[in-house]
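A.B. asks: Could you have a look at this structure, given as structure tokens, before my questions?
We did not get these values from a lab; they are worked out from the coordinates using the rules stated. Only a predicted model underlies this, so the values are computations on that prediction, with no experimental measurement involved. Cβ placement follows ideal geometry from the backbone for every residue including glycine, while neighbour counts extend to all protein chains displayed.
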Amino acid sequence: MQVKTQRKPTRVLLALILMMSLYTSLAPVHSAEQKPVPVKPAAISALHDLEDAFTSISDTVLPSVVSIMSKRTVESQVSGMPNDLPFPFSAPPQQAPQKHQEVGYGTGVIVRANGYILTNDHVAGGADKVTVKLGDGREFEGKVSRDTKSDLAIVKIDATGLPAAKLGDSAKVRVGQWAIAMGSPFALDRTVTVGVISATQREEVAGDGAETRFYPNLIQTDASINPGNSGGPLVNIDGEIIGINTLIRSGGNPMMGSSGNIGIGFAIPVNTAKFVLDQLITHGKVTRGFLGLTPVDLTPKMQDEYGVKAGALVKSVEVGGPADKGKVQVEDIITVFDGKKIGTQLDLRDAIMSTAPGKKVSVVVMRDKKEQTLNVIVGEAPETVASGDTSSTASDEKMGFSVADITPAAVQQFKLDEGAKGVVVTDVNPDSPAGMEGLAPGTVITALNGAPMKNAATFESATKDLKPGDYVRLSVATKERKGVIAFTLE
């Protein structure tokens, strides 16, 4: 009994202590009885160290960041002079095309001390005039070399001794690392924002119609990126460029130039930029390797079925292409390409792209769970665009419609069959002879007057000498049928 009488007060005391502790924890922070907790000097010191790191990076990289202003001549429809009688009693006001100058603002980063600046193609490409403003206030007119496929371009200015930024290695980028975006959002030059790497190897499709671009490999960050940041550097904590800021998600259209940042921005990896940069400077255009196959990633089920843990599965092979000539087959799993281990389809695409056309390479494949080594001669990728070309699209008023190359973005946008060959119709004037005959966006044109259509450049070449009264015969294909559309140009 004595033991019991001793325990009751103990339980009551514990209950009181618990209630008092709860009351204390719930008491408002502004209570007169509560004293502020002093900040530890070590914590302040750590914050100062981090602050010093960011300011040091800014001091190092910002001199290499430039603002770019581009001017383009565009044509738009404007209302003509109204009639005496009010519409609808009179005919509607006539629409007359009028040319005007469009001014755009973006960012670039100096990558060579002798005046080479890296930026986005959608910032500087196709402009009538490009003006570069350096961090020290000097301005130069620039000459643009572009690669529309990657949405990258270089601007050359007549200057030397410039502060060139250090290019890093985007293959080493990891989710969670610091990310620092620099540029001229809304023309506010020398702006710095901080975040982290949110993800890597993101695929995005941006734009609309003939302006659609496909980005197969992007770095995602929550560092604030806004219109005007395009072409600027994404920097790591070592002050190295790891990407070129390119896109944002803004609740709808991801192409830069829409509404503001919501914490989802994208940058082209610097390793892609380095490849394009070297090609444009050395050759004036970008030449990519080509095998003529479609690779896909292995799912866990595929790994069990094919007996391999890593590699790229060949989903389709172009008849007569380099892969077909090298005996690559559908359902082969490529594990090594030219000595490089292949873990994903993106690894294979990058390896092929960076291989010089004409080079003979060894390709290790797993076929029927047995390893084989094939010898393949790499071809040259179609749709290679030389600097100075406008784009991989063709538009002709006399034809009454526009076409574009069949890219992964076009396949996705128009729901085309993979492996479709020719050019895809992107826009049609319904009152044109072609439109009256039923030509519609999404139709694939495989031949014009019997001549095969390989890309938009082929189409443009085939139509440049056509004139009113000429007969045009289009071999066309849709998902449902193949056919011919014939008409006479007006």
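A.B. asks: Report, in debye and to the nearest 20, how large the dipole of the stretch 289-380 comes out about its Cα centre when Lys and Arg carry +1 and Asp and Glu carry -1 on their Cβ. Could you put the intermediate results ahead of the total?
C.D. replies: Numbers: 13 positive and 13 negative charges, 45 e Å.
Charge dipole of the stretch 289-380: 220 debye, to the nearest 20.
A.B. asks: Less than 14 Å apart at the alpha-carbon level, and either on another chain or at least 8 residues along: which aspartates and glutamates does that give for Lys482?
C.D. replies: Output for Lys482: Asp417.
A.B. asks: Two-decimal Rg/Rh of the stretch 393-488 from alpha-carbon positions, Kirkwood Rh? Don't jump to the answer; show the numbers that get you there.
C.D. replies: Working: Rg = 12.1 Å, Rh = 13.1 Å.
Ratio value, two decimals: 0.92.
A.B. asks: Which of the residue pairs Lys315/Lys341; Lys274/Lys454; Lys156/Lys359; Lys156/Lys341; Lys172/Lys274 have a Cα-Cα distance greater than 25 Å in the structure shown? Intermediate results must be reported in sequence, preceding the final value.
C.D. replies: On the way: Lys315/Lys341 19 Å; Lys274/Lys454 29 Å; Lys156/Lys359 31 Å; Lys156/Lys341 36 Å; Lys172/Lys274 15 Å.
In this structure, Lys274/Lys454; Lys156/Lys359; Lys156/Lys341 exceed 25 Å between Cα atoms.
A.B. asks: Next question. If Lys and Arg each add +1 and Asp and Glu each add -1, what is the summed charge of the other residues whose beta carbon sits under 13 Å from the beta carbon of Thr488?
C.D. replies: On the way: positive: Lys398, Lys467, Arg473; negative: Glu437, Asp470, Glu490.
With Lys, Arg at +1 and Asp, Glu at -1, the neighbours total 0.
A.B. asks: How many times 2.2 N^0.38 Å is the alpha carbon radius of gyration of the stretch 289-380? Walk me through the numbers before you get to the answer.
C.D. replies: On the way: Rg = 11.8 Å, N = 92, 2.2 N^0.38 = 12.3 Å.
Cα Rg divided by the expected 2.2 N^0.38 Å: 0.96.
A.B. asks: If you don't mind, another one. Would you mind ranking Val364, Val424 by Cβ crowding within 10 Å, fewest neighbours first? Intermediate values should be presented prior to the final figure.
C.D. replies: Details: Val364 19, Val424 24.
Lowest to highest Cβ neighbour count: Val364, Val424.
A.B. asks: Sort the following peptides by mean Cβ neighbour count (other Cβ atoms within 10 Å, averaged over residues), highest first: 58-68, 467-477, 188-198. Walk me through the numbers before you get to the answer.
C.D. replies: On the way: 58-68: 21.1, 467-477: 14.1, 188-198: 17.3.
In descending order of packing, they fall as 58-68, 188-198, 467-477.
A.B. asks: Here's something else I'd like to know. Cut-off under 13 Å on the C-alpha distance; same-chain residues fewer than 8 positions from Lys398 excluded. Which aspartates and glutamates are left, in chain and number order?
C.D. replies: Hits, sequence-local ones excluded: Asp431, Glu460, Asp465, Asp470, Glu490.
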